[in-house]
Amino acid sequence: MKKLILAAVVLGLSSMSWADGRQDSVDRLANAGKVLNEIMATPDKGIPQEVLEHAKCIAVVPDMAKAAFIFGGKHGRGIATCRTSTGWSAPAFISVGGGSWGLQIGAQSIDLVMTVMNDQGMQHMLSNKFQVGGDAAAVAGPVGRHASAGTDWKADSEILTYSRAKGLFAGISLTGAVVQQDNDSTRDIYRKALGQRKILSGSVAVPAAAASFMTAVKNSSNASRTAELKEGDKE
């Protein structure tokens with residue numbers, strides 16, 4: 001009898017833990033979509049339209065913690081999606097962690113956005129783990145309504161990185177950071193273990209919980225096309 005009670009308690013605690021983990025993942029999906037919507041609401045200070053339109057993958061890490069006192073560190077969990085032949089893939093859950101050395105003091109929470117700009121960068125995102133600056137080249141991305149004609153982001157950049165803190169939006173260096181699959185969140189949402197390549201290649205159906213995030217991605221990546229259509233209607 002005692003064993004049955006103990007088993008019931010363990011099962012109940014496991015169910016509660018899964019429910020809490022799933023809710024955290026659902027909240028992260030909603031927050032990632034909110035970050036993209038807010039960025040697109042201020043185009044003069046956000047990610048250039050050309051960058052989003054040419055991006056092969058978009059990753060958003062809302063409320064990424066960044067703290068530093070002599071040693072600097074970053075850690076956060078977010079969402080990624082990649083273009084497929086039929087549109088944007090189901091969301092894949094990622095974690096971003098890494099450190100830096102420097103005489104620095106401070107702590108803040110930032111929203112991180114990564115745009116993958118070519119096939120090589122996309123292959124890294126499809127893998128379950130890669131290091132920024134080691135495996136994949138990344139640079140701070142241009143900011144503004146339109147990317148400067150003098151930049152070489154189209155030709156050379158695997159990944160463009162951005163951060164937003166206290167309303168200020170700018171490119172950010174993530175050299176040394178490790179991007180890897182968030183296995184716990186993947187199981188929380190998809191109810192089973194799935195590799196990044198399977199999810200991001202379009203082989204997995206988009207879960208209902210990701211609806212707001214996927215809408216934000218579609219709207220942001222088609223923003224200038226939508227604007228052109230509106231201008232054409234006025235004429």
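The values are calculated or read from the model by the stated rules, or taken from the named source; none is laboratory data. These numbers were taken from a predicted model, which means no experiment stands behind them. Backbone-built Cβ (ideal geometry, glycine too); neighbour counts: all protein chains shown.
Six or more apart or on different chains, Cβ atoms under 6 Å: show the pairs whose first residue is in segment 109-126 and at negative phi and whose second is outside any helix (DSSP H, G or I) and aromatic (Phe, Trp, Tyr).
Filtered contacts from segment 109-126: 113/162; 124/130.
Of the residues that make up segment 83-99, is at least one modelled with pLDDT of 95 or more, in contact with a Pro (Cβ under 9 Å, 6 or more places away or on another chain) and under 23 Å from residue 205 (Cβ atoms)?
Yes, some residue in segment 83-99 is modelled with pLDDT of 95 or more, in contact with a Pro (Cβ under 9 Å, 6 or more places away or on another chain) and under 23 Å from residue 205 (Cβ atoms).
Please work out which residue is surrounded by the most Cβ atoms within 10 Å (Cβ to Cβ), limiting yourself to segment 170-190 and to residues that are over 17 Å from residue 28 (Cα atoms) and not β-branched (Val, Ile, Thr).
Across segment 170-190, the extreme among qualifying residues is 177.
Say we look at segment 100-126 and pick out the residues that are surrounded by fewer than 17 Cβ atoms within 10 Å (Cβ to Cβ) and at pLDDT 80 or above; which of these is nearest to residue 28 (Cα to Cα)?
123
Within segment 174-194, which residues are modelled with pLDDT of 95 or more and in a loop (DSSP other than H, G, I, E, B)?
182, 194
Return the residues of segment 36-48 that are surrounded by fewer than 22 Cβ atoms within 10 Å (Cβ to Cβ) and either in contact (Cβ under 8 Å) with a residue 12 or more places away in the chain or not small (Gly, Ala, Ser) (or both); say none if nothing qualifies.
37, 38, 39, 40, 42, 43, 44, 45
Given (1) surrounded by 15 or more Cβ atoms within 10 Å (Cβ to Cβ); (2) modelled with pLDDT under 95; (3) in a helix (DSSP H, G or I), where does residue 200 come up short, assuming only one miss?
(2)
Do we find a residue being over 25 Å from residue 98 (Cβ atoms), charged (D, E, K, R), outside any loop (DSSP other than H, G, I, E, B) and at pLDDT below 90 anywhere in segment 149-161?
Yes.
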